[in-house]
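Encoded as structure tokens, the structure appears first; notes follow it.
The values are calculated or read from the model by the stated rules, or taken from the named source; none is laboratory data. Treat the numbers as computed from the prediction; the structure is a model and nothing was measured. Don't worry about glycine lacking a Cβ; one is built from the backbone with ideal geometry, like all the others, and counts go over all protein chains shown. For the accessible areas, the whole protein counts, side chains as well, though only heavy atoms, and no ligand, DNA or RNA atoms are used. Shrake-Rupley method; radii C 1.70, N 1.55, O 1.52, S 1.80 Å.
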Amino acid sequence: MTDRVGKTVPRHVAIIMDGNGRWAQQRGLPRVAGHRAGAEAVRRTLQAAADNGVEVLTLYAFSSENWRRSAEEISDLTALMRFYLERELKTLEKEGVRLKLIGDYSAFGADLVGRLERALERTANNTRLTLVVALNYGSQSEIAAAARELAVKVASGELEPDSIDEQAISGELQTRDLPGLDLLIRTSGEVRLSNFLLWQAAYAELLFLDVLWPDFDEQAFAGALDQFAARQRRYGGR
Ligand code: FPP
């Protein structure tokens, strides 16, 4: 898609939201303050994505490796997600945002799971933008689950081993109903994928930004879209 000035807009943008802890540390604040400020950045980014005509925004909110953090930090993060869902569900509905979850969110306990499922139901028919939140997500385990599904189909005679190709694997991933990933952003200067969307990132543009996640805003998002458009234009010229 192109925007009003003819710039190529990515359909699907994913973000590894990194740097909340360092943001808090720089201010002499507890880590939870960084996560709270990070949640505000989520709000701004969602609005910016919708305003710019992005169709899908995928956010890495909690990786399967994040369970290694302290019990206190895990409880702060889940409390924050509960609070955010409570406060923002009306906004999601009003702005036409459909929520989708990837990862095994059943691990989060009955209260949060109930709230997440209510939010999924209440936003299921919205079409302006899909917000995909990765919760207890790990890409290698997602790919392993896809392999198991295909193996079951082969064992039952539903599928020939020879017909296992890229599409067959993509079709078993939790992102199977989404457009391909166009742009993957990581904030805070770290240059790693950290087990996020490894298969889906095969042809994505990768953008590593120095900004810490709580400082990410509309300008930073617009800048990322500009860099994406510039790369696309270069490819077009070759
Ligand atoms: C990385 O910063 C961030 C996280 C592990 C959590 C992301 C969570 C949020 C932004 C809050 C709420 C999310 C939603 C969807 C409402 P870090 O703690 O790894 O930072 P550091 O590397 O500087 O320590």
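In the range 2-43, how many are open to solvent by 70 Å² or more (accessible area, probe 1.4 Å), within 11 Å of the ligand (Cβ to nearest atom) and over 28 Å from residue 90 (Cα atoms)?
Qualifying residue count for the region: 3.
Tally up the residues in the range 169-225 that are within 20 Å of residue 42 (Cβ to Cβ), among the acidic types (Asp, Glu) and not in a loop (DSSP other than H, G, I, E, B), please.
Number of matching residues: 2.
Being within 18 Å of residue 206 (Cα to Cα) and either loosely packed, with under 14 Cβ neighbours inside 10 Å or within 15 Å of the ligand (Cβ to nearest atom) (or both) narrows it down to one of 46, 57, so name that one.
Only one candidate passes the filter, namely 57.
List the number of the failed condition for residue 139; all other conditions in (1) more than 16 Å from the ligand (Cβ to nearest atom); (2) touching a residue at least 12 places away in the same chain (Cβ under 8 Å); (3) closer than 28 Å to residue 206 by Cα hold.
Against the list (1) more than 16 Å from the ligand (Cβ to nearest atom); (2) touching a residue at least 12 places away in the same chain (Cβ under 8 Å); (3) closer than 28 Å to residue 206 by Cα, residue 139 comes up short only on (1).
Counting just the residues of the range 213-238 that are open to solvent by less than 20 Å² (accessible area, probe 1.4 Å) and either touching a helix residue (DSSP H, G or I) at 6+ places or on another chain (Cβ under 9 Å) or of a type in the set (A, V, I, L, M) (or both), which one comes out modelled with the lowest pLDDT?
Filtering first and then ranking leaves 229.
How many residues, within the range 67-90, are surrounded by 13 or more Cβ atoms within 10 Å (Cβ to Cβ) and over 16 Å from residue 35 (Cβ atoms)?
Count: 1.
Return yes or no: is residue 63 over 15 Å from residue 13 (Cβ atoms), open to solvent by 30 Å² or more (accessible area, probe 1.4 Å) and either polar (S, T, N, Q) or at pLDDT below 95 (or both)?
no
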